[in-house]
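The structure appears right after this line, and notes come after that.
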Amino acid sequence: MELRLSQLIDYTREQVRVLYRSQVEIQEKWGNPEERSQVIELLEDKGIDFDQLREITGKTDADPFDLLCHLAFDAPVLTYKQRAELMKKKHKSFFEQYGESARVILEILLDKYADKGLDEFTIPTTFKANQEFRQYGNIIEIAQRFGGVEQLKLAVKQLQILLYSA
């Protein structure tokens with residue numbers, strides 16, 4: 001079992017380093033949701049399973065990005081919660097640019113990520129599945145608080161970009 005664990009970690013390190021020369025390179029891709037899904041797909045095609053990595057390393061609440069950077073580039077491992085807190089501290093101005101209800105919606109979304117991970121950025125699923133958003137209306141009403149659907153999508157994308165630049 002110990003050998004298998006070591007082999008999997010070494011294999012992951014090797015594959016990530018072949019695809020990305022540095023933590024900065026993978027960070028630039030990971031921050032953008034569209035590019036992140038390509039990175040995940042590419043790694044999955046190479047047999048890398050994030051759930052399995054979290055389990056064997058004992059870092060079940062680690063963000064997959066941080067786990068990859070830790071294994072490949074010896075970066076510290078941040079939990080979802082730590083990454084979210086860091087983002088809130090470093091990028092206060094991001095939230096301040098929005099009106100009260102839009103700002104609170106983004107903060108709730110970030111809190112959901114801190115609790116459960118990346119899947120919480122799936123819009124509109126997250127808005128429909130979580131009671132905290134109901135007081136702000138349906139997805140159309142939530143989008144109107146941002147100035148429309150495109151502005152909501154842009155705000156959520158920018159939140160993720162800043163999350164991974166923190």
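With respect to the conditions (1) of a type in the set (A, V, I, L, M, F, W, C); (2) closer than 22 Å to D119 by Cβ; (3) touching a Phe, Trp or Tyr at 6+ places or on another chain (Cβ under 8 Å), A72 lacks only one, and its number is (2).
Scanning the range 40-50 for any residue that is within 22 Å of Q7 (Cβ to Cβ), surrounded by 15 or more Cβ atoms within 10 Å (Cβ to Cβ), touching a His at 6+ places or on another chain (Cβ under 7 Å) and free of Cβ contacts under 8 Å to residues at least 24 places away in the same chain turns up nothing. Restricting the search to the range 79-97, which residues are part of a helix (DSSP H, G or I) and not hydrophobic (A, V, I, L, M, F, W, C)? Of everything in the range 79-97, those that are part of a helix (DSSP H, G or I) and not hydrophobic (A, V, I, L, M, F, W, C) turn out to be Y80, K81, Q82, R83, E85, K88, K89, K90, K92, S93, E96. Tally up the residues in the range 24-78 that are hydroxyl-bearing (S, T, Y) and either in the same structural domain as D119 (by TED's automatic domain parsing) or part of a loop (DSSP other than H, G, I, E, B) (or both), please. So the count comes out to 1.
Is there a residue being at positive phi, touching a helix residue (DSSP H, G or I) at 6+ places or on another chain (Cβ under 7 Å), of a type outside the set (A, V, I, L, M) and modelled with pLDDT under 95 anywhere in the range 105-128?
Yes: one or more hits.
Taking every residue in the range 150-166 that is assigned to a helix (DSSP H, G or I) and pairing it with any residue that is at pLDDT 95 or above and of a type in the set (D, E, K, R), at least 6 positions away or on another chain, yields no pair with a Cβ-Cβ distance below 6 Å.
Counting only residues that are outside any helix (DSSP H, G or I) and either surrounded by 14 or more Cβ atoms within 10 Å (Cβ to Cβ) or among the charged types (D, E, K, R) (or both), how many does the range 98-112 have? Number satisfying all stated conditions: 1. When the range 16-36 is examined, which residues are found to be out of contact with any helix residue (DSSP H, G or I) (no Cβ under 6 Å at 6 or more places or on another chain), within 9 Å of F73 (Cβ to Cβ) and surrounded by fewer than 19 Cβ atoms within 10 Å (Cβ to Cβ)? Listed by number, the list holds a single entry, S22.
The values are calculated or read from the model by the stated rules, or taken from the named source; none is laboratory data. Just so you know, these numbers come straight off a predicted model, no measurement behind them. Every residue, glycine among them, receives a Cβ derived from its backbone with ideal geometry; neighbour counts consider all protein chains shown.
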